[in-house]
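A short worksheet on the structure shown next.
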Amino acid sequence: MKKLALFFIATLSVFSVSAQSIYDIHVKDEAGKEVSLANYKGQVLLIVNTATKCGFTPQYKELETLYQGYHAKGLEILDFPCNQFGEQAPGSIDEIHQFCTANFDVHFPLFDKVDVNGKNASPLFQYLKAQKGFEGFNLDDRMGRLLDKILRQQDPDYDKNPDIKWNFTKFLVSRDGRVLKRYEPTVPIADIEADIQAAL
């Protein structure tokens, strides 16, 4: 009976996460202040886990170009640094902010560092992963093949779970809060831009 009760509670918790709206989630901004994602209702969101010492770090420049091109039309890019992949997001949030400003003149919102996987994973990324799981890297892409090789050596079944696989994974969220797409870091920004245009 106890096992059945525990199973029932666990099942309920899964259902409550999957039924939750993204607008019910709170995150911390770069100053550590709690922010409700309900503040972004009506906007198209591109949510990304970033790192400042990664091979994909130059994507900051491309993201800023998207932000400058579409922010006035309703796009918001939400930047969540994460140090879980090769410890490639070292330093304080202030240091990360300074790096992004000095090197890429970034203007989109920076939030506090988060974990995206594991027991301490941010509720936001738990929600995003539940909505859009991993669909695989593009193995026609050199970096896609490299990441697949590295991750498969660590875990032959790495592609069977929805975890974030690397820095600069992105999620596109519609104006009404639906998670439309997940993009692995090897997806060209031009492809994402076309989807943003359609969502706007």
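The values are calculated or read from the model by the stated rules, or taken from the named source; none is laboratory data. Predicted model only: the values in this text are computed from it and were never measured. Glycine also receives a Cβ, built like all others from the backbone with ideal geometry; neighbour counts cover every protein chain displayed. We work out accessible area using only protein heavy atoms, side chains counted, and drop any ligands, DNA or RNA first. Shrake-Rupley method; radii C 1.70, N 1.55, O 1.52, S 1.80 Å.
Checked against (1) open to solvent by less than 20 Å² (accessible area, probe 1.4 Å); (2) under 18 Å from Arg182 (Cα atoms); (3) in contact with a Phe, Trp or Tyr (Cβ under 8 Å, 6 or more places away or on another chain); (4) not aromatic (Phe, Trp, Tyr), Lys132 passes all but condition (1). For beta carbons closer than 8 Å, sequence separation of 6+ or different chains, a first residue in region 110-136 that is small (Gly, Ala, Ser) and a second that is assigned to a strand (DSSP E or B) and modelled with pLDDT of 95 or more, the qualifying pairs are Ala121/Asp115; Ser122/Val27; Ser122/Phe80; Ser122/Asp115; Gly133/Arg182.
Is it fair to say Glu34 is at pLDDT 95 or above, of a type in the set (Asp, Glu), out of contact with any Cys (no Cβ under 7 Å at 6 or more places or on another chain) and open to solvent by 40 Å² or more (accessible area, probe 1.4 Å)?
Here the answer is yes, as Glu34 does meet what is asked.
Suppose we filter region 148-158 for residues that are assigned to a helix (DSSP H, G or I), open to solvent by 50 Å² or more (accessible area, probe 1.4 Å) and of a type outside the set (A, V, I, L, M, F, W, C); how many remain? If you could, list the steps in order and put the result at the bottom.
We begin by selecting, within region 148-158, every residue assigned to a helix (DSSP H, G or I); these are 148-154, 158.
Still in the list and also open to solvent by 50 Å² or more (accessible area, probe 1.4 Å): 149-150, 152-154.
Okay, now just the ones that are also of a type outside the set (A, V, I, L, M, F, W, C), so 149, 152-154.
Residues that pass the stated criteria total 4.
Please determine whether any residue of region 165-175 is open to solvent by 60 Å² or more (accessible area, probe 1.4 Å), assigned to a helix (DSSP H, G or I) and basic (Lys, Arg). Talk me through it step by step, then tell me what you get.
Taking region 165-175 and keeping what is open to solvent by 60 Å² or more (accessible area, probe 1.4 Å), we get 175.
When the remaining residues are screened for being assigned to a helix (DSSP H, G or I), the result is none.
So far as region 165-175 goes, no, none of its residues is open to solvent by 60 Å² or more (accessible area, probe 1.4 Å), assigned to a helix (DSSP H, G or I) and basic (Lys, Arg).
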